[in-house]
1. For Phe81, which sequence-distant residues (separation of 5 or more, or a different chain) have an amide H within less than 5 Å of its own amide H, given hydrogens modelled in the peptide plane?
2. Assigning unit charges at the beta carbon (Lys, Arg +1; Asp, Glu -1) and nothing else, what dipole magnitude in debye, to the nearest 20, does the chain show about its Cα centre?
3. For a test of the definition: using alpha carbon positions, the gyration tensor, and the 1.5 limit on a/c, classify segment 30-134 as rounded, prolate or oblate.
4. For the chain, modelled as a GNM with alpha-carbon contacts under 10 angstrom, which of Asn117, Asn144, Asn183 fluctuates the most?
5. Using a Förster distance of 22 Å, how high is the FRET efficiency between Arg76 and Asn183, based on the Cβ-Cβ distance and rounded to 0.05?
6. Would you please give the residues with an amide H less than 5 Å from that of Glu186, counting only those at least 5 places away or on a separate chain, with H modeled from the backbone geometry?
7. With a 1.4 Å probe and all protein chains left in place, how much accessible area per residue does segment 167-215 have, in Å²?
8. Given the options Lys78, Lys171, Lys111, which has the most mean-square fluctuation in a GNM of the chain, springs set between C-alpha atoms less than 10 angstrom apart?
Amino acid sequence: MKTETTTLKEKVITAADFIRDRMPIQPAVGVILGTGLGDLANQVSPSLILKYSEIPFFPESTVKFHAGRLVIGALRQKPLFIMQGRFHYYENYSMQEITLPVRVMHLLGIKTLLITNAAGGIRPHLTAGTFALISDHLNLMGANPLAGHYDEFFGERFPDMSEPYNRKLRKTASAIAAKLNINLPEIIYAAVSGPSFETPAEIRMLQALGADAVGMSVVPEVLVARQLGMQVLALTAITDQALPDSMASISHEQVSQMAAAMTPQFIQLAETIVAHLES
Ligand code: HPA
């Protein structure tokens, strides 16, 4: 089945058909769970669980702390399509491959996407343990998932990015955070390819470019979702802080452990947000 000549459109349709045939409920909102944040999927009453390896043309998660399965089920009565673990560019997948699930969600009728991730804070107020909402981004990954062969099936060739992260959804999320007494600053997120963490000089560069936090995901998924006309909200867990003049060493384990420590609050916040998302 996995032939070189299969087009992206054919892959998306095949994967979507496979899931649709097994889908007991129509999901309203798509959720992508980032590093260490996968526990949210364990809160739903699942009606379908599929390993990525079972779904035609889905890549497989190669990163520790990413479960690698699709969970469809309800959380606070809201039917969700949850990606428990995402794909990264640094896993040597193409930009098209890592964003394939977003195209599949769209084909399955999902119009709203909650993206979550772990990131490093590069401003003094963004300490480890803080949650943040992405309001805008810098794509510094050196690639774009919309490049290459174009098919109007996917939307516009030159999609608008004047409001990549939906303002109305951000307002809803901010109000919920305030009610829950959770600090939720808005940030500009710089996406880099990784997998190496940043040097002090790179952090200085990112600060100079206007970034507040840095990570290795989110942006490819947002670009594809926006091309497809989906509305996006992105919730970030700041798992470490990188300030160039006092940089401590950092590891993937630390990032995952901090994300895991943030899980109870993350679940409370994300669960309440999805319950209020329009779809
Ligand atoms: N840099 C890049 N990606 C990250 C970081 C970081 O400090 N923390 C979590 N993901």
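1. Here the answer is Ala28, Val29, Gly30, Val31, since their amide H atoms fall under 5 Å of that of Phe81.
2. Computed about the Cα centre, the dipole is about 700 debye.
3. Oblate.
4. Looking only at Asn117, Asn144, Asn183, the largest GNM fluctuation is found for Asn183.
5. The pair Arg76/Asn183 has a calculated efficiency of 0.45.
6. Counting only residues 5 or more places away or on other chains, the set is Leu133.
7. Dividing the accessible area of segment 167-215 by its residue count gives 51 Å².
8. Its mean-square fluctuation being the largest, the pick is Lys171.
The values are calculated or read from the model by the stated rules, or taken from the named source; none is laboratory data. Quantities reported herein were computed from a predicted structural model and do not represent experimental measurements. Don't worry about glycine lacking a Cβ; one is built from the backbone with ideal geometry, like all the others, and counts go over all protein chains shown. Accessible surface areas use protein heavy atoms only, side chains included; no ligands, DNA or RNA. Shrake-Rupley method; radii C 1.70, N 1.55, O 1.52, S 1.80 Å.
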